[in-house]
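The values are calculated or read from the model by the stated rules, or taken from the named source; none is laboratory data. It should be emphasised that the depicted structure is a prediction, and the values quoted were computed from it without experimental measurement. We place every Cβ from the backbone using ideal geometry, glycine too, and count neighbours over all the protein chains shown. Keep in mind that these areas ignore ligands, DNA and RNA; they rest on the heavy atoms of the full protein, side chains included. Shrake-Rupley method; radii C 1.70, N 1.55, O 1.52, S 1.80 Å.
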Amino acid sequence: MRIDIKPEGGARYKRALAGLDGGQIAQATAEAINMGAGRVKNSMRSEMQSVFDRPTGYVLQSVQVVKKATAGDLNALVAPTYMGGKGVDPQQILAAQEDGGRRRDKRSEVALRRAGILPNGYQTAIPADRYGGPYPGTDDGRGNLKGSVLVQLIAYFQAFGEQGYRANMSQGRKNALHQRGGKGVRFMGPVKGIRFIVAYGPLRGGARTTARGEYDQRVSNLGPGIWAISGTGGADVRAVLMFVRSGNYKPRISLEAVRKRSGVDELIPRWVRGRVYDAFKKASQG
């Protein structure tokens with residue numbers, strides 16, 4: 001985003017400029033630019049809250065004044081900033097929202113696909129209402145599955161790679177989960193004992209059961225996704241995570257529109273004049 005500053009004024013402004021040296025004028029300009037950068041940052045965050053459906057704090061707070069203007073460099077930069085950790089780079093997220101295009105895979109999707117669970121061309125989503133809505137206690141309140149639940153699913157299906165193989169669930173932990181719900185598991189509700197299966201619906205094979213009469217991983221009577229089976233005899237079958245066609249974003253946010261709505265084109269020149277007057281007044285009193 002580029003903003004050209006052309007502060008103009010009458011005789012008073014020209015007198016103030018004439019009474020200052022280049023460094024003082026540059027410092028006054030830098031202060032005004034930084035005020036504008038802060039305004040653009042807040043405008044971008046407000047636009048994201050308006051356009052996106054329940055954006056995470058991680059994405060909102062990623063918009064920062066990355067670089068402030070100085071008297072020697074009259075440029076400021078406002079941009080999404082990657083704070084480290086396991087989250088997706090916010091620049092990649094917002095680039096898709098501005099330019100459109102395919103949504104990048106989440107780390108959990110990469111892990112599930114690498115393990116052969118998530119089919120190519122598919123991504124994941126929490127269950128829609130036709131599948132019973134979000135599994136109790138798994139929704140993070142923003143339309144996503146809680147990170148702890150994703151970790152448990154990945155561990156259950158042995159989907160962690162070589163570097164994270166120790167996090168994969170042992171057979172003993174699986175048995176405890178199947179029989180009692182597992183130690184410290186809170187998202188399942190009051191029903192004890194739970195197991196997860198992968199269903200591909202019409203994507204792979206037909207409906208099958210094992211020799212013990214249990215649902216097979218290729219059952220076609222369930223929608224593609226990961227399902228939880230709990231209750232006596234597996235009576236309660238609920239979707240936990242669905243497999244959906246890879247999403248494509250339509251352009252939803254425009255940085256050019258953000259700039260215009262922030263009003264910085266008009267405000268920064270005004271702030272420059274104000275800072276020049278202040279600097280001139282201070283110099284005159286000295």
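Taking only Cα atoms of the stretch 242-286, what ratio of Rg to Rh do you get with Rh as the Kirkwood inverse-distance radius? Here Rg/Rh amounts to 1.52. Taken over the stretch 16-155, the ratio of Cα radius of gyration to 2.2 N^0.38 Å equals 1.48. PRE reach from residue 148 (point 7 Å along Cα→Cβ): which of the stretch 100-139 fall under 11 Å by backbone N? What the label zone holds, given the 11 Å backbone N cut-off, is 138. By a 1.4 Å probe calculation restricted to protein chains, residue 266 has an accessible surface near 120 Å², given to the nearest 10. Cα convex hull, the stretch 7-58: 87 Å³ per residue, rounded to a whole number.
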